[in-house]
Amino acid sequence: MKLSEIGAFANTCWINIPNHFPHFYLDEFVVMPNHVHGIVMIEKPYIDNNSLPRVVETGHALSLRKADTKEVEEKPRHPRYGNQGRNTISSMVGSFKSAVTKCCNENKMRFGWQTRFHDHIIRNSDEFYSIRNYIINNPANWKDDKFYSE
């Protein structure tokens, strides 16, 4: 994929995600002319000070918690919508999009993101390798994209 100036900056910002989100690791990714694909792995699935599994957030809304009566009394329920906090996929994507937008604005480059993003939790190795291959082969399929132009 031959990257534009904006694409090159988006590529650099993506590569630098682990510098800003130390528990996030990047696997395969590609910056396309009109979108980005990437696999992000989160290192710490458990909270350091106890053995409760950490809730994995996607980005559209916060996950609903199962709560028994005792848990509700000890800690407030997680809000369904609102600030999703640091170290979530949403905060990472938001920071990435913000950095690219800031660069474009500073350099007077016309650019805009779609308002949302698509995310997906990869649940097994077959799915992982299928998605990884899709990302690797995506540039070869660019000419078939409805937004393709020379």
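Only the coordinates and a few stated rules stand behind these numbers; no lab work does. Owing to the predicted nature of the structure, the values given are computational and were not obtained by experimental measurement. Don't worry about glycine lacking a Cβ; one is built from the backbone with ideal geometry, like all the others, and counts go over all protein chains shown.
Segment Asn124..Tyr25, full-extension length gain: 33.9 nm, with 0.36 nm per residue of separation and the alpha-carbon distance subtracted. Spacing of the modelled spin labels on Arg110 and Ile15, each 7 Å from Cα toward Cβ, amounts to 2.9 nm. Here the extension length gained between Thr101 and Ser4 equals 33.5 nm, from 0.36 nm per residue of separation less the Cα-Cα distance. Lys/Arg Cβ at +1, Asp/Glu Cβ at -1, dipole of region 83-150 taken about the Cα centre: which of Ile135, Ser149, Val93 is farthest positive-ward? Result: Val93, furthest along the dipole toward the positive end.
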